[in-house]
Each structure stands twice: as C-alpha cells, then as structure tokens.
Amino acid sequence: MVRILLTGATGLIGGAVLHQALGRDDDVTWVCLVRCTSVEQGRQRVAARLERFSDPFTAQRLARKIEIVPGDFTRADSDMDPRLDACTHILHLAADTSWWGGERVFRTNHDGTLALARRARAMPGLKRFVHVGTAMICGADAPSLVEETAFPATAARHIVGYTESKAATETSLAEQFPDLPIVIARPSIVVGHSTLGAAPSSSILWVLRAADALRMLPCSPDSCVDIVPADWVAETLVGLLTKPDLKHDLYHLSAGAAGRTRWADVITTFEKADPSDGVRSFRQFDLDRDHTLLRKRFSEVFGLDDASKRAMLRATRAYYAFCALDLTFANDRLVEEGFERAPSLASYLPVCLANSAEIVEQFVDDIEMFAPVPAAPVSSPDLPLAATA
C-alpha cells in the first residue's frame, strides 16, 4: 500500500494536490502533517483549503479521506508517531514563504527540512522523498535560460531570503542525506488554476492585474515570464512522486522555452478581456531610477491611504524586480519523462480574470509574505508555497 506523507496540505499547491488525488479510486493513503491542537482541528484546516477548489460538502467529504497527524515538520525528527513510520513516500511542500522573514525563514525552510529528512531515515519502506523548492534559487544574475544542473550556486545573488533558504536546503540535503531517495522539484512562477481561475488563490495574479492597471513594466513587452498553473504543478508533483523510475533526481516544473509567456501576450489577453482603445500602451521604466515615479502612479491608481496598500506597493516593487530578470527555466527533463507540458498563461488567464475580486482584495492572498519580521521567534507557519516557488 502507498502511504504518502504530505506537508503543506493547507497551502495552495497542497490543496491542489489533495483535490486531485482524493478524487481518484486508488489504494493511496494520504497522511497530512498539520499544525493543530487536535485531529479534528487539523481536518477542518485542510477542508477550508479544499473549499477553495470545490463546494463545502465536497471539501468535508474529501477531508475525511485523509489521516491527520498533528505536528510540525520543523520538529519531525522528535515526532515518534507510528503513523509516520509506515509512509512510503514524502511530498514536502510546507515552507515559510515570507520574503523578509530574516533568520526565521532560514530556520524553517532549511533547518526544518533537515529535521524532516532525519525523520525520513526512520521510515523503512520509504521509496521517494520529493522536496519542493523553487526555480528562483538561480538568483538575480542567472542567464536568460536557466538549466537545472547550474544551480544551486554559491555565487548566486539572491533578491530575497526565501530563495536563499531554498538554495541552501538543496545543498544540505545533497551533502547530508545521500542515503535518502530525494527528488528535487522546482516550480517556476505559480499563477492561478487552469479551470478554476482565481478561486483557489489569487497569489501573483494580482501582480499581473496591478501591472495592467498601472500600465507600467520594468522590462520590454517582448521579455518573458515562466508561469504555470497550480493544478498542473500538483498533477506533475504527484507524477514525480509515484512514477516507478525517474531518470534524474532534479526537475524544473516550468513552462520552458516552448511554453513561456511574453508580456505582450499578457497585455493582449487583458485587452480582450477588458477592451480599452485597442492599443493598451505600457510605459517601460527603470525600477531603481524611477522609484518615485512608480510610487506616484501607484498612489493615483490604488491610493496609499492604509497599511495594506503600502504593503502592496512594496510587494509590487519586489515582484517587478523578478519580472525584470526575464528568466525561462529549462524543462527538457520533464518533457523527456513524458509529462504533459503546462498550459500557457494566455489560455487560462481569461478564466482567472472572470472570477477575480478587486485587485487590492486579491493581494490579501500574498500579504503574509510581505509582513514585517516579528520581534520574537514564532513557530514555522504552514503557508502556501511561494508563487516564485
């Protein structure tokens, strides 16, 4: 019997994984390690995430199919719950996705993952341990086409601590746990759901909509973004987890050179969904030199009258910095394994826009990533995977 230990079940991709997997008639048992005070509280946390993919009744029905183990992956090496011993596979999605969480992010994502790896050594039937990182571990100075084998690199210059923590984790797993059947999966930028649109999450989608509202880009319209939908990422992760034989132990889950999206295509899609004058002219600006210009324009479009909007401005600047890199993540390995290519953003962006709330309201899905660093240490959150993850 296949028993899959899942961390991050209450996050976006964790919810997508469970929504797809629990609807199948197979002999797979999903064991979810959830921060909670009781099994029922944990089950309701998972059900709340599943509601974003379905109706409340279906969410409750699906949540009843899983085993809940109250716990924290960052302390998994001291968790002797026997239900963990029998797991045959691990899908590790949980992470602290805060961009400015400082040392806390490193402790959670690096030290916490190593604790989970130590616990994995006590699982005698373990066949595969899929660790989900981020393609953005390449840093800010990577070539336009990023190959899997080139990273992690000690010389990489990271824009945020989150990606630095993920790069360090990959290095430590390779050095300290060569005995474990670890496979690294690195999603590119995760935006929306190919059929449910913005319903499961508005993470990153609000950035595209904000750029459209601002009519400003820190890059050429001919530059590209490597974007994939959450449901495709979930399906591919389960495939990597359960496929009997894999040729490699590291994969980009990305659109790749064949499926990447040009900003010009995004602009065209916005024009079709919300016609203006047919041109939809964008101003290209320098993110560093035109700092004041962006703030002025943001204030005109959204206002800066409360803390959430000021946080949104900071987040917009941060995401613009990633957009300006114009990166594409090679996905040849995934294609050679026989996995389906990701649907293009242009093909499902209309459904995302059709069920979108106001842009400022959608930012709420990412606001935790840009919250100030707490004064005192806190336990690692069970947050959705970062969109640049």
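The values are calculated or read from the model by the stated rules, or taken from the named source; none is laboratory data. Please read all numbers here as calculations on a predicted model, not as lab measurements. A quick note on method: Cβ atoms are made from the backbone with ideal geometry, for glycine too, and the neighbour counts reach across all protein chains shown.
Residues that are basic (Lys, Arg), under 17 Å from residue 242 (Cβ atoms) and modelled with pLDDT of 95 or more within segment 1-36 comprise just one, 3.
Filtering segment 1-60 to residues that are touching a Pro at 6+ places or on another chain (Cβ under 7 Å), surrounded by fewer than 19 Cβ atoms within 10 Å (Cβ to Cβ) and touching a residue at least 40 places away in the same chain (Cβ under 8 Å) leaves only 52.
Looking only at residues in segment 173-199 that are more than 12 Å from the chain's Cα centre (by Cα) and hydroxyl-bearing (Ser, Thr, Tyr), the one that is farthest from residue 128 (Cα to Cα) is 195. Say we look at segment 292-329 and pick out the residues that are in contact (Cβ under 8 Å) with a residue 40 or more places away in the chain and part of a loop (DSSP other than H, G, I, E, B); which of these is surrounded by the most Cβ atoms within 10 Å (Cβ to Cβ)? Residue satisfying both the conditions and the ranking: 327.
Selection of segment 61-76 for residues being of a type in the set (Gly, Ala, Ser) and either surrounded by fewer than 17 Cβ atoms within 10 Å (Cβ to Cβ) or closer than 23 Å to residue 117 by Cβ (or both) yields 71, 76. Of everything in segment 119-144 that is more than 20 Å from residue 94 (Cβ to Cβ) and surrounded by 14 or more Cβ atoms within 10 Å (Cβ to Cβ), the residue that is farthest from the chain's Cα centre (by Cα) is 127. State yes or no: is residue 299 over 19 Å from residue 203 (Cβ atoms), out of contact with any Cys (no Cβ under 9 Å at 6 or more places or on another chain) and not β-branched (Val, Ile, Thr)? Against the criterion (over 19 Å from residue 203 (Cβ atoms), out of contact with any Cys (no Cβ under 9 Å at 6 or more places or on another chain) and not β-branched (Val, Ile, Thr)), residue 299 qualifies. Residues of segment 222-262 that are of a type outside the set (A, V, I, L, M) and either within 15 Å of residue 144 (Cα to Cα) or at pLDDT below 95 (or both): 222, 223, 224, 226, 252, 254, 256, 259, 260, 261, 262. All of 18, 33, 5, 84 fail the test of being within 18 Å of the chain's Cα centre (by Cα), within 19 Å of residue 128 (Cα to Cα) and either assigned to a strand (DSSP E or B) or of a type outside the set (Asp, Glu) (or both), apart from 18. Criterion first (buried (at least 21 other Cβ atoms within 10 Å of the Cβ) and within 27 Å of residue 293 (Cα to Cα)) does residue 200 satisfy it? So residue 200 does not fit the description; no.
The residues listed here are 233, 279; of these, the one that is more than 27 Å from residue 196 (Cβ to Cβ) and β-branched (Val, Ile, Thr) is 279.
If you take the residues in segment 202-244 that are in a loop (DSSP other than H, G, I, E, B) and among the hydrophobic types (A, V, I, L, M, F, W, C), which one is farthest from the chain's Cα centre (by Cα)? Result: 219.
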